[in-house]
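Take a look at the structure below.
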Amino acid sequence: MRTLSLQPSFPATEAPTAAPRAIVHRRRGNDSGGPITRLMSPSDLGQVLKPFVFLDIFDAQGSVIHTMSGMPLHPHSGIATVTVFTEGSMHYHDQTTGRGTIAYGGAEWMRAGMGVWHGKEMVPPADASCIQGFQLWLALPEAVELAEPQSHYIEAQHMAKTGPAHVVIGRYEGAQSPVDAPDGINYLLVTLKPGERWTYHPPAGHLVGWLAVASGTLDTGERLQRGDMVVFADNGAPIVLEASGNSDAVFVLGSAIPHPHPLHLGYYSVHTTAQALAIGEERIRTLGKQMQAAGDRKTASGTTPVFK
């Protein structure tokens, strides 16, 4: 267990500026050579971008898709996970939420809260040729970090949309996401056509800003390509973007009011205090024993629902 108390310095108010929103950090993540690349962890960029604390981009073709979907069940507490797809789709099947398909524009939302075990709640179609997308973790505020877990699947036709953006989390230009997420966080999935220009205007107080590119070429003062993640200056200024290549630019963009707490980290947990972390980790140990006693919970579709 580690406790990190780095507190990034954000200005108390947003200062108007005519300059473009500067990029202050750029990375391509930690690539292990497999289908998953780690772009952000709670121990590195998550310290600066909290409540956004973790981001993976996954990109798998052919038989690797089914290898990736065979990853073991694992626990979480204190966070919410958000999974979106930029290519391909996956099926879900849960006794409490029904069954369906999550593709581009949809999302899986899982609020771990006081504790869950998951990892096999969605499976790829048997004929899947390519699956790409992002998994994001959000550090939950103190009021809900030990709340009852939630697990929801929002298909694309039910997701809020404005212009080129699906509003996966939060509210933007009057479009309100159906996801029951904490206030003060926006997370958008965006596609720009070649030559299309779009400006994101962060809500008041959203000093945290970043984006990650899934495909295509994006110009935001620097030329960004597939796999790039950038962090913007913490001034709340608009972010001007243009698809500058010959194909669509697909990316995710996040902005938020800065998370006010230090991050207390377990192996799969993030909490606001050491006490909350201890409670969450004890709960997931208990859940693990209960899950083993429950035996095989695999559905006819091949999924194993979230255990909470």
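The values are calculated or read from the model by the stated rules, or taken from the named source; none is laboratory data. Quick caveat: nothing in here was measured; it's all calculated off a predicted structure. Using ideal geometry, Cβ is built from the backbone for each residue, glycine included, and neighbour counts are taken over all protein chains shown.
Search segment 141-154 for residues that are among the small types (Gly, Ala, Ser) and pair each with any residue that is assigned to a loop (DSSP other than H, G, I, E, B) and surrounded by fewer than 17 Cβ atoms within 10 Å (Cβ to Cβ) when their beta-carbon atoms are under 9 Å apart and the residues are at least 6 apart or on different chains.
Once the first residue is among the small types (Gly, Ala, Ser) and sits in segment 141-154, its partners that are assigned to a loop (DSSP other than H, G, I, E, B) and surrounded by fewer than 17 Cβ atoms within 10 Å (Cβ to Cβ) give SER151/THR96; SER151/THR97.
List pairs: first in segment 234-245 and under 10 Å from THR220 (Cα atoms), second among the polar types (S, T, N, Q) and in a loop (DSSP other than H, G, I, E, B), Cβ under 8 Å, 6+ apart or cross-chain?
Partner pairs satisfying both residue conditions: ILE239/THR220; VAL240/THR220; LEU241/THR220; GLU242/THR220.
Among what's in segment 201-232 and is aliphatic (A, V, I, L, M) and either assigned to a loop (DSSP other than H, G, I, E, B) or at pLDDT below 95 (or both), pick the residue that is nearest to GLY254 (Cα to Cα).
Applying the filter and picking the extreme gives LEU207.
Report whether or not LYS161 is basic (Lys, Arg), more than 23 Å from ALA256 (Cα to Cα) and touching a residue at least 12 places away in the same chain (Cβ under 8 Å).
no
Quick one: how many residues across segment 253-273 are part of a loop (DSSP other than H, G, I, E, B) and within 30 Å of LEU241 (Cα to Cα)?
4
Hey, any hits in segment 87-98 for a residue that's assigned to a loop (DSSP other than H, G, I, E, B), touching a helix residue (DSSP H, G or I) at 6+ places or on another chain (Cβ under 8 Å) and at pLDDT below 95?
no
Scan GLY195, GLY216, GLY115, GLY105 and give me the residue that is more than 24 Å from GLY236 (Cβ to Cβ), of a type in the set (Gly, Ala, Ser) and in contact with an Asp or Glu (Cβ under 6 Å, 6 or more places away or on another chain).
Testing whether each residue is more than 24 Å from GLY236 (Cβ to Cβ), of a type in the set (Gly, Ala, Ser) and in contact with an Asp or Glu (Cβ under 6 Å, 6 or more places away or on another chain) leaves just GLY216.
For TRP198, are the conditions met, namely being farther than 19 Å from TRP137 by Cα, of a type outside the set (Ser, Thr, Tyr), out of contact with any Cys (no Cβ under 6 Å at 6 or more places or on another chain) and in a strand (DSSP E or B)?
Taking the combined requirement at face value, the residue satisfies it.
Quick check on segment 113-132: of everything there that is among the hydrophobic types (A, V, I, L, M, F, W, C) and out of contact with any Leu (no Cβ under 8 Å at 6 or more places or on another chain), which residue is nearest to ALA80 (Cα to Cα)?
MET122
Residues of segment 35-78 being in a strand (DSSP E or B) and of a type in the set (Gly, Ala, Ser), which ones?
Passing the criteria: ALA60, SER77.
Any residue at all in segment 274-283 that is farther than 23 Å from ASP44 by Cα, in contact (Cβ under 8 Å) with a residue 12 or more places away in the chain, of a type in the set (Asp, Glu) and surrounded by fewer than 20 Cβ atoms within 10 Å (Cβ to Cβ)?
no
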